[in-house]
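Report on the structure given below.
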Amino acid sequence: MTTAAAAETAHLLVVDDDARLRSLLQRYLTEQGFRVTSAPDAAAARRALSSMTYDLLVLDVMMPGESGLDLTESLRTEGNEVPIVMLTARGAPEDRISGFEHGVDDYLAKPFDPRELALRIRTILRRAAPSATPQPLAAAPVQLGARWFDIERAELRGPDGVVRLTGGEAALLQALARRAGDVLSREDIGEALGTPEAGERAIDVQVTRLRRKVEVDPREPRFIQTIRHRGYVLRPGP
């Protein structure tokens with residue numbers, strides 16, 4: 001199956017307490033070729049997640065009971081790295097930053113065009129799926145201390161096995177690793193992640209989260225270094 005075909009047959013879980021919006025999204029995304037299950041709140045989403053594996057969550061921030069941000073943080077703490085697109089009526093930069101801090105992969109402010117949501121979902125799924133195209137000149141894995149990052153598979157391995165990365169973290173490390181030694185501006189990184197509108201602070205948050213999984217001491221990073229006034233550079237090494 002091609003990467004594009006895999007994206008089209010992905011199983012999505014849409015979680016929103018707005019019954020009308022939930023119904024519209026379920027119908028539209030189904031028409032776009034996805035399998036779609038819906039849930040009205042975090043409790044129902046947890047029940048769905050306990051009995052089924054989903055390829056991506058579309059998750060509202062403000063819901064009665066447990067919020068979308070709290071659910072995301074809980075899933076990440078439990079080691080569940082399912083890609084998450086967050087929906088919210090709050091579109092300010094600090095709200096996007098909060099979403100990234102909690103571990104979401106992308107962020108879409110209401111009201112939104114459902115075509116844009118479908119596009120973002122496909123982008124994340126393609127980013128997460130292994131490529132079906134042979135890579136005769138595949139890049140060599142990048143050493144990051146005791147860990148190795150496979151650029152083509154976007155997979156980080158250490159002495160204890162695979163290190164869990166969110167889709168956003170994997171894409172960020174992949175972008176840095178493809179140009180190891182080069183300084184990437186925050187704008188370059190935003191373009192590589194498919195979120196050019198994310199803003200500098202949101203990129204900084206993503207880098208901070210990634211450092212926690214790559215660096216021995218995230219406060220004194222050896223591998224993902226900040227170049228003042230310019231951006232970030234990945235410096236591989238033992």
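Descriptive notes on the structure:
- Candidates 188, 182: the one that is surrounded by 14 or more Cβ atoms within 10 Å (Cβ to Cβ), acidic (Asp, Glu) and touching a residue at least 12 places away in the same chain (Cβ under 8 Å) is 188.
- Considering residues of region 200-238 that are of a type in the set (Gly, Ala, Ser) and crowded, with 17+ Cβ neighbours inside 10 Å only, the residue farthest from residue 120 (Cα to Cα): 231
- Test for residue 183: is it among the hydrophobic types (A, V, I, L, M, F, W, C) and within 25 Å of residue 94 (Cβ to Cβ): no
- Any chance residue 193 is modelled with pLDDT of 90 or more, under 14 Å from the mean Cα position of the chain (by Cα) and not assigned by TED's automatic domain parsing to the domain that holds residue 104: no
- Here is the figure for region 80-96: residues that are of a type in the set (A, V, I, L, M) and surrounded by 20 or more Cβ atoms within 10 Å (Cβ to Cβ) total 4.
- In region 31-46, the residues that are farther than 14 Å from residue 9 by Cβ reach residues that are of a type in the set (Asp, Glu) with C-beta atoms within less than 8 angstrom, at least six apart or across chains, in these pairs: 38/16; 40/16; 40/17; 41/17; 41/66; 42/66; 42/70; 43/66.
- Pairing each residue of region 112-126 that is within 14 Å of residue 25 (Cβ to Cβ) with any residue that is assigned to a helix (DSSP H, G or I) and at pLDDT 90 or above, provided the two are 6+ apart or on different chains, yields C-beta distances under 7 Å for 114/25; 114/28; 118/29.
- Condition met for residue 60 (of a type in the set (D, E, K, R), at pLDDT below 95 and within 20 Å of the chain's Cα centre (by Cα)): yes
- Summed over region 42-65, the residues that are of a type in the set (D, E, K, R) and under 23 Å from residue 98 (Cβ atoms) give a count of 2.
- Scanning region 105-156 for residues that are basic (Lys, Arg), out of contact with any strand residue (DSSP E or B) (no Cβ under 6 Å at 6 or more places or on another chain) and at pLDDT 90 or above gives 115, 122.
- Residues in region 51-79 that are surrounded by fewer than 17 Cβ atoms within 10 Å (Cβ to Cβ) and closer than 21 Å to residue 209 by Cα: 6 in all.
- Top-ranked residue of region 20-43 - restricted to ones that are of a type in the set (Gly, Ala, Ser) and in contact with a Ser or Thr (Cβ under 9 Å, 6 or more places away or on another chain), ranked as farthest from residue 120 (Cα to Cα): 42
The values are calculated or read from the model by the stated rules, or taken from the named source; none is laboratory data. No experiment lies behind these values; they were computed from the predicted model shown. All Cβ positions, glycine included, derive from the backbone under ideal geometry; neighbour counts span all protein chains shown.
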